[in-house]
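Have a look at the structure below before the remarks.
The values are calculated or read from the model by the stated rules, or taken from the named source; none is laboratory data. Everything numeric here is computed off the predicted structure, so don't read it as measured data. When we count neighbours, we look across all protein chains shown, and the Cβ atoms used for this are built from the backbone with ideal geometry, even at glycine. Just so you know, the surface numbers come from the protein's heavy atoms only, side chains and all, with ligands and any DNA or RNA stripped out. Shrake-Rupley method; radii C 1.70, N 1.55, O 1.52, S 1.80 Å.
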Amino acid sequence: MTSNVAAIGPDMPIRDVTTLMELRRFRHFPIVEDGSGGARVVGMVSDRDLRAVGSPHPSARPDVSVFDPVRLIMSTPVITAHPDDAIEDAARRLRRHRVGALPVIEDDRLVGIVSAVDLIEALAGQRAGHQPSSLLEVEVPNRPGGLLGVLGALARLDLNVASVNTTRSDADAVAFAIRLDTIDAAGVARALRDDGFTVLWPVTVDTAGVPT
Amino acid sequence: MSTSGGAAAGSVRFVSAPELDEPMLGADHPFKAVRLPLTRTLLEHAGLLDPTEIVAPERIDPRLLYRVHDADYVEAVKLAARGDPLDDAWTYGLGTADNPIVPRMDVAALRIVDATVTAAAVVARGEALRAASFAGGLHHAQRARASGFCLFNDLAVAIELLTSRYGLRVAYLDIDAHHGDGVQAAFEERGDVLTISLHESGRFLFPGTGFEDEIGRGAGLGTCVNVPVDPGTDDASYLEVFDLVVPSALAAFRPDVILLQAGADAHRFDPLAHLELSIAGLIAVYERVMALADRFSAGRLVVTGGGGYDPYRTVPRAWAHLWCEMAGRRLPETLPASWHAAWRGRIPTELPTTALEPEDAGPTDDARRARIASHNRAVAHRTLAALTPIWAGWRRSAHHDAPL
Ligand SMILES: [Zn+2]
């Protein structure tokens, strides 16, 4: 989320909004109106909305020029996020409403804006922990205790789990990417396979029979 | 550095001592010290290592160690090795699956630091042009944390010696299959140390770092080079990205000395990583390093070992080839029978009989190889795209020796 959001009023001319957008290098602006209850987000405007003005694009309104107020082209109603929303929920809302960014609103107050790129980066960042770690990908039955068996086996091997993510899921099975505090992911995979678990990564390096 | 005063052209040193042949983390640990006597005896039986070339490790100035590691961490390692109870062992990465607490491990780890610092000192003092410390190369050890089988970072301590005591600009080149995270972290904000690491991508392999956008910070912006390659990378693709990135980095940085971490776990037999280099591919890398040292650091080269978890078939043969490249010698096509005889019954498997591997490495999937090579090439170009403008700035700068 970007916290430092420029406040734009609904009456700012479209031309000025375009200038501001180029200056700030943002692609989405919330439009904020001051009222009796304080500042309120009344709409959103994107770089695409601005570029459409005066263009022959079918979605462009022929009666609007760059000197008109931005309120004429802003999108409403506003689809918002809360700072405590789950990243996945925000991502789902972006996709369902086909918008590129959500204003983040806490108690009617605008506190930031979150874009699709922010969300991708946050999800990617979850994969690696802060400590050095190895990747283990396991597939477990999609039923109670499926993952617990793997985690128990890892604890018995004295390994710490730095992060867990679902990589794939269907009715029968779920695959998890687990980051572990060991360099010897191969040894862990061997131990789990010996216990009957399905390990997708690391693959076995079996060179026992290769001529030297 | 001025010129290497007393160093005879081509003179080489091999740091070795009986205690370096003992396992630091226990006999059952995958980090096998037996790789060292296997390498040394292979060279001796083949007549490729002269007794006058062997040097024992000198004791280092302890202050050097504390430039790299926090005092409380060093103390924790010592206490743990003595068997004293340690409440916060885990926060120091001690007593973990990778770094179990083993009696006297502190002494063993310090001996490894002594060995690598000795190799560096021998080169810095001009007593030899090239020196090897195959016991060293513990590149994962961090300032206050053991990691990935590594307790003390012998490489970082050797770099401290070369920079602070001798005022040399050091280029660190890491060809281990894993990212050299500990060394990078120690120097990523320094302008007088260049770290280059080629490794299997952190997406797949420990320690999960070393991406192409890690390029150093502050005064060290541009002095950190990472080329993460895909699992399955073969000789041709590895050499292609090596040639794309390494010579330009050295040309931009202009080192006085090169420190090579030569982990042998990029070989296709290694059970802990998934790169698919052959012995011939490793030799091609070693040849390039020698040529680069001649071209950019007046031949001055310090070499360490590192990873390598196929300890009988792969590591001794790889490092023997590396020593031969350093010394301008050549392993005989058929390895000496007396070497095999000396080890018979002492190790659990057969030793290799030839200097190279059979040409036929089994079936290959050409489409897969091409795809991997294409991706690796794109990654290497991204690395260069981020760094080239910074390097161009160094060249324009009047103060050539101090990239800002
Ligand atoms: Zn390694």
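Please report the antiparallel percentage of the DSSP beta bridges confined to the protein assembly as shown, to the nearest 5. Each step should come with its number before you reach the end.
Numbers: 38 of 71 bridges.
If I count the DSSP bridges inside the protein assembly as shown, around 55 percent turn out antiparallel.
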- prompt: Just counting partner chain Cβ atoms within 10 Å, what average do the residues of peptide A:173-186 show around their Cβ?
  reply: 5
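Can you sort B:R59, B:R143 by 1.4 Å-probe accessible area, starting with the largest? Numbers along the way, then the final one.
Numbers: B:R59 175, B:R143 115 Å².
Final ranking, largest accessible area leading: B:R59, B:R143.
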query: What are the trypsin sites (Lys or Arg not before Pro) within the range B:195-271 that DSSP puts in a loop, where the Cβ has at most 15 other Cβ atoms within 10 Å?
result: B:R203, B:R217
- line: Once the mean of 1/r over all distinct C-alpha pairs in the protein assembly as shown is inverted, the Kirkwood radius in Å reads 27.0
statement: With only helices counted (DSSP H, runs n ≥ 4, each -39500 (n - 2.57)), the per-residue ellipticity at 222 nm for chain A, to the nearest 500, works out to -8000 deg cm²/dmol
task: Enumerate the residues in the range B:131-148 having an amide nitrogen under 17 Å from the point lying 7 Å beyond the Cα of A:N160 toward its Cβ.
output: B:140-148
statement: Here the whole-number average of other chain Cβ atoms within 10 Å per Cβ of B:145-151 is 3
message: At 25 °C and a viscosity of 0.890 mPa s, what translational diffusion coefficient does Stokes-Einstein give for the range A:41-88, taking Rh as the Kirkwood radius over Cα pairs? Give it in µm²/s as a whole number.
response: 198
statement: Here the FRET efficiency for B:E75 versus B:D28, based on Cβ atoms and R0 = 30 Å and rounded to 0.05, is 0.65
- request: Choose one answer from A:A39, A:A101, A:A91: the residue with the largest mean-square fluctuation in a GNM of chain A with alpha-carbon springs under 10 Å.
  value: A:A39
message: Take B:R346 and A:D84, extend 7 Å from each Cα along the Cα→Cβ direction, and tell me the distance between the two endpoints in nm.
response: 6.7
query: For chain B, what's the radius of gyration and Dmax over Cα atoms, in angstrom?
result: 20.0, 63
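Over all directions, the average projected area of the alpha-carbon convex hull for chain A comes to how many nm²?
Values: hull surface 76.2 nm².
Over every viewing direction, the Cα hull of chain A projects on average to 19.0 nm².
P(r) tail for the range B:1-109, what percent of Cα pairs lie past 22 Å? Please report the intermediate quantities before stating the final value.
Details: 3026 of 5886 pairs.
In whole percent, the long-distance tail amounts to 51.
What's the longest uninterrupted piece of chain B once you rule out the GluC sites (Glu not before Pro) that are loop residues per DSSP with at most 13 other Cβ within 10 Å?
On the way: sites that count: B:E58, B:E333, B:E350, B:E359.
Longest gap between qualifying sites, sites excluded: B:59-332.
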field: Calculated on alpha-carbon atoms, Rg and Dmax of the range A:14-115 in Å
entry: 14.2, 41
message: Could you tell me the extents of the range A:5-55's C-alpha atoms along the three principal axes, largest first, rounded to whole Å?
response: 36, 21, 14
- request: Would you kindly work out the equivalent ellipsoid of the range B:282-404 from its C-alpha gyration tensor and give its semi-axes, the square roots of five times the eigenvalues, largest first in whole Å?
  value: 37, 23, 12
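When the Kirkwood radius is taken over all Cα pairs of the range B:236-342, what Stokes-Einstein diffusion coefficient follows at 25 °C and 0.890 mPa s, in µm²/s?
Values: Rh = 14.8 Å.
So the translational diffusion coefficient is about 166 µm²/s.
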query: How far is it, in nm, from the label point at B:R217 to the one at B:A236 when both lie 7 Å from their Cα along the line to the Cβ?
result: 4.0
Residue-averaged beta-carbon neighbours from other chains (10 angstrom radius) around B:164-170: 0
- prompt: Taking chain A as a Gaussian network, where each spring joins two C-alpha atoms under 10 Å apart, which residue of A:R15, A:R179, A:R24 fluctuates the most?
  reply: A:R24
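Over all pairs of distinct alpha carbons, what does the Kirkwood formula give as the hydrodynamic radius of the range A:131-201, in Å? Write down the numbers at each step before the final one.
Details: mean 1/r = 0.0831 Å⁻¹.
The Cα-based Kirkwood calculation yields 12.0 Å.
Taking 1 over the mean of 1/r across every pair of different Cα atoms in the range B:69-219, what Kirkwood radius in Å do you get?
16.1 Å is the Kirkwood radius here.
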query: Which of the listed residues, A:I87, A:I105, A:A7, is farthest toward the dipole's positive end in the range A:1-154, when Lys, Arg count +1 and Asp, Glu count -1 at the beta-carbon?
result: A:I87
